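Every number here is computed from the coordinates shown, using simple stated rules; none is lab data. Note that the structure is predicted; figures quoted are calculated from it, not measured. Please note: Cβ atoms are built from the backbone with ideal geometry, for glycine as well, and neighbour counts cover all protein chains shown.
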Amino acid sequence: MIDLKFLRENPDTVRASQRTRGEDPGLVDALLDADASRRAAVLAGDNARAEQKALGKKVGKASPEERPALLDGAKELAAQVKTLEAEQNAAQEALERAHMAISNVVQEGAPAGGEDDFVTLETVGDLPTFDFEPKDHLTLGESLGLIDMERGAKVSGARFYFLTGYGALLQLGLLQLAAQKATANGFTMMIPPVLVRPEIMRGTGFLGQHADEVYHLEDDDLYLVGTSEVPLAGYHSGEILDLSAGPKRYAGWSSCFRREAGSYGKDTRGIIRVHQFDKVEMFVYCKPEDATEEHQRLLTWEREMLAAIDVPYRVIDVAGGDLGSSAARKFDCEAWVPTQERYRELTSTSNCTTFQARRLGVRYRDENGKPQTAATLNGTLATTRWLVALLENHQQADGTVKVPPALVPFVGREVLEPVG
C-alpha cells in the first residue's frame with residue numbers, strides 16, 4: 001500500500017503515477033475521500049467515548065435525585081457510541097478497499113505507457129550469425145534428449161514438460177551457479193514453502209490485477225506461488241528488523257507455478273511460457289533511502305549471471321503500465337532468441353519501495369529507535385527459461401550445442417550431442 005501521509009501531501013504526484021500506469025487517477029480522490037471519512041468517524045467516536053467517560057464520572061458523584069436522569073443519558077450515549085463505532089468500522093473497511101485499489105507510486109524517470117513503451121538502456125554482446133538454418137530450442141532440446149514436451153502433456157497437460165538427462169543437469173547447473181553467485185554477495189540461501197496463505201499472497205500484490213494467474217487450493221485456502229518473492233516477502237511479516245548493518249538479502253530456490261491465463265495461443269511451443277518452472281530469486285529488505293542503490297546492485301548481479309552463460313541481451317526500463325501493482329521501477333534483461341529474431345525476458349528486478357512491507361507490517365528502527373516501514377526489492381538470478389537462449393545461441397551446424405564454460409563443471413560435458 002502507498003503511504004497515506006505521502007498521498008495527503010502529494011496527491012498530484014499519485015495522480016500522475018496512475019496516469020503513467022494507464023490506471024484511473026480518480027482512485028486517488030476516492031482514497032482521499034475515504035481517508036477523510038475514516039478520520040472524521042474516528043474523531044466522532046473518540047469524542048463520544050470521552051463524553052461517555054465524563055458522564056460516567058458524573059453518575060458516580062450524582063445525588064439519588066440526579067442519578068436517574070444521568071443514567072438515561074448514559075444509556076442514550078452508549079447507543080450512540082455503538083452506532084459511531086459501527087460507522088467507524090465501516091469507514092475503516094472502505095478506506096482499506098480504496099487503499100488496496102491504488103498501485104505503488106511509479107518512480108520518477110520511469111517511462112509512461114504499456115508493454116511496448118519500454119526504454120532500452122543498453123545492448124550487450126553481438127548477435128550470433130549462422131552459416132546454417134538455426135533450430136529453435138525445442139527442436140534442439142528434443143534432438144539432444146533434453147526436453148520432452150509430449151510426455152509432459154501426457155502426464156500433466158498442456159504447457160508442462162520433462163527436463164531429461166543433460167537438460168535437467170543444465171537447469172540444475174544454472175540454479176547452482178546462481179546460488180553460488182548469491183551467497184558470494186551476501187545473500188542467505190532459502191528453500192521456501194511454495195504454498196502460502198491468502199494474506200501473504202495479497203500482501204505482495206499478486207491478488208490484484210494478476211489474480212487469474214495464481215493457482216488456488218480452495219479446500220486449504222492456500223496459493224501456489226509464481227515466484228519465491230512471495231514467501232520471502234512474508235518471511236518477516238509483522239516483524240521489526242535490525243537493518244543497522246545494512247540490507248537483509250535472501251535468495252529463494254523454488255519451483256514456481258503460473259496459470260498463464262489469457263495467454264492461449266502465445267508461446268505454445270517449447271518452454272517459454274509454461275505452468276511450472278524453477279527459479280532462484282533475490283529478495284532484499286532495506287531502508288527506503290537505500291532502495292534505489294540496491295536496485296542497481298540487483299541488476300548488476302543479474303548481468304553477471306547473463307555474462308556467465310554468454311548470450312547477447314539488452315537492458316530495458318519497463319514502462320509504468322507494465323510494472324505490476326507493487327513495483328515503483330523495474331528493469332528487465334532480455335536475451336536474444338535467434339529463431340524468433342527478437343529479445344525475450346530472462347530476468348526482471350523490481351524496486352517495490354515500501355508498498356509490500358506496509359501491507360505485510362515489516363518495519364525497522366530508525367536512528368532514533370522509532371519503527372519505520374522497510375523497503376523491499378526482488379530480482380531473478382536464473383530460471384528455466386534461460387535454457388531457451390542458451391541452446392539457441394550456442395548451437396552449431398552439426399546439431400550440437402556448446403555448454404558455456406561456467407556450466408561445464410555442473411553438466412560434465414563441453415558439448416551436448418544428439419541422441420538416438
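Going by neighbour counts of Cβ atoms within 10 Å, the residues Phe283, Phe331 line up, fewest first, as Phe331, Phe283. Pick from Arg39, Arg67, Arg385: which residue has the top mean-square fluctuation in a GNM of the chain where Cα pairs under 10 Å get a spring? Looking only at Arg39, Arg67, Arg385, the largest GNM fluctuation is found for Arg67. Counting only aspartates and glutamates at least 8 places from Lys82 when in the same chain, those with an alpha carbon closer than 15 Å to its own are Asp46, Glu51. Entry note: the range 43-171 has Rg to Rh equal to 1.52, where both radii use alpha-carbon atoms and Rh is the Kirkwood radius. With the charge dipole of the range 293-390 set up from +1 on Lys and Arg Cβ and -1 on Asp and Glu Cβ about the Cα centre, the Cα lying farthest toward the positive end among the listed residues Leu299, Gly379, Leu360 is that of Leu360.
Have a look at Asn185, Asn393, Asn47 and tell me which one the Gaussian network model of the chain (Cα, springs below 10 Å) gives the largest fluctuation. Its mean-square fluctuation being the largest, the pick is Asn47. When shorter helices are ignored and each DSSP H run of at least 4 residues is given -39500 (n - 2.57), the per-residue value for the chain at 222 nm works out to -13000 deg cm²/dmol. Multiplying the residue separation of Thr292 and Gln340 by 0.36 nm and removing their Cα-Cα distance gives an extension gain of 13.9 nm. The charge dipole of the chain, taken about its Cα centre with unit charges on the Cβ of Lys, Arg, Asp and Glu (plus for the first two, minus for the last two), comes to roughly 1280 debye. Rounded to the nearest 10 degrees, the angle from helix 11-21 to the longest Cα principal axis of the chain is 30 degrees. Among Gln180, Gln276, Gln52, the largest mean-square fluctuation in a Gaussian network model of the chain, built with springs joining Cα atoms closer than 10 Å, belongs to Gln52. Computed from Cα atoms, the angle from the helix 26-61 axis to the main principal axis of the chain rounds to 40 degrees. Helix 291-309 and the longest principal axis of the C-alpha atoms of the chain enclose an angle of approximately 20°.
What the pair-distance distribution of the range 344-420 shows, using all Cα-Cα distances binned every 10 Å from zero, is 15, 28, 18, 14, 16, 7, 1 percent. Name the residue from Ala335, Val280, Gly141 whose Cα lies farthest towards the positive end of the charge dipole of the range 119-416, charges +1 on Cβ of Lys and Arg and -1 on Cβ of Asp and Glu. It is Val280, whose Cα lies furthest towards the positive end.
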